[in-house]
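What follows is a short report on a single structure.
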Amino acid sequence: MGLLSGSASFTRFTVEGEVPENFWDFVAQRVTEHSFQDIDDTIDEHSIGWVSVVDMFDSDFAFSSYAAGDYVVLSMRVDERKCSPAVLRKFTAKEESRLKQEQGVRRLSRNVRLEIKERIRAEMVRKSPPIPAVYDLCWNLSDNTLLFFTNSRKALALLEDLFRETFELSLIMQIPWNNALQLTDPETAERLNDLQPALLI
């Protein structure tokens, strides 16, 4: 579930790095440069970029802004063409059988079988429609924290790369330990740093 849904799961990050003084001009330029590019009418296998949090088809942000007070709200859209392994095995075996019969041989060489598999996979990927996935984020500029509304490891890795490429800033995942250090006074934080792990058996 995403940012605008009734319930959601999210991962919290700290945004690290220096932002320019003309921040909103910088964001406008960088988000435009890294906005989502549709691959429906191409043979590309993968596309990733920013879209409106309100409309996954709005990559120009014509109807809704990514600026909301002291927040940047965006969606990361990932479109990917996929090939089912079971279907790939079926059509690869079918083509191997046809070639063996045509050539009058009992076995095909490993290189020929690999070539068949890769050719069939490429044909199937080209014919399949891209499958979209959309993940919302909310960047709080006042305290440099960011909420990313998924716990998918693959999506988290994609976000870290896209965010760094777009804004030239790093994302550091927040864990309970980091949160405790931020919420406590310096004396308590120092005591926390002296804690040692213990076996509770």
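Details
- Scope the stretch 76-109; condition within 30 Å of Lys154 (Cβ to Cβ) and either part of a helix (DSSP H, G or I) or more than 22 Å from the chain's Cα centre (by Cα) (or both); matching residues: Pro85, Ala86, Val87, Leu88, Arg89, Lys90, Phe91, Thr92, Ala93
- Residue in the stretch 54-65 that is surrounded by 16 or more Cβ atoms within 10 Å (Cβ to Cβ), in contact (Cβ under 8 Å) with a residue 60 or more places away in the chain and aliphatic (A, V, I, L, M) present: no
- Residue match in the stretch 14-26 (condition: under 19 Å from Val134 (Cβ atoms), of a type in the set (Gly, Ala, Ser) and either in contact (Cβ under 8 Å) with a residue 60 or more places away in the chain or surrounded by 15 or more Cβ atoms within 10 Å (Cβ to Cβ) (or both)): no
- Ile48 of a type in the set (A, V, I, L, M, F, W, C), closer than 20 Å to Leu159 by Cβ, modelled with pLDDT of 90 or more and not in a strand (DSSP E or B): no
- For the stretch 22-33, filtering for residues that are farther than 17 Å from Ala62 by Cβ and not hydrophobic (A, V, I, L, M, F, W, C) leaves 3.
The values are calculated or read from the model by the stated rules, or taken from the named source; none is laboratory data. Computed from a predicted structure; not experimentally measured. Cβ: placed from backbone, ideal geometry, glycine included. Neighbour counts: every protein chain shown.
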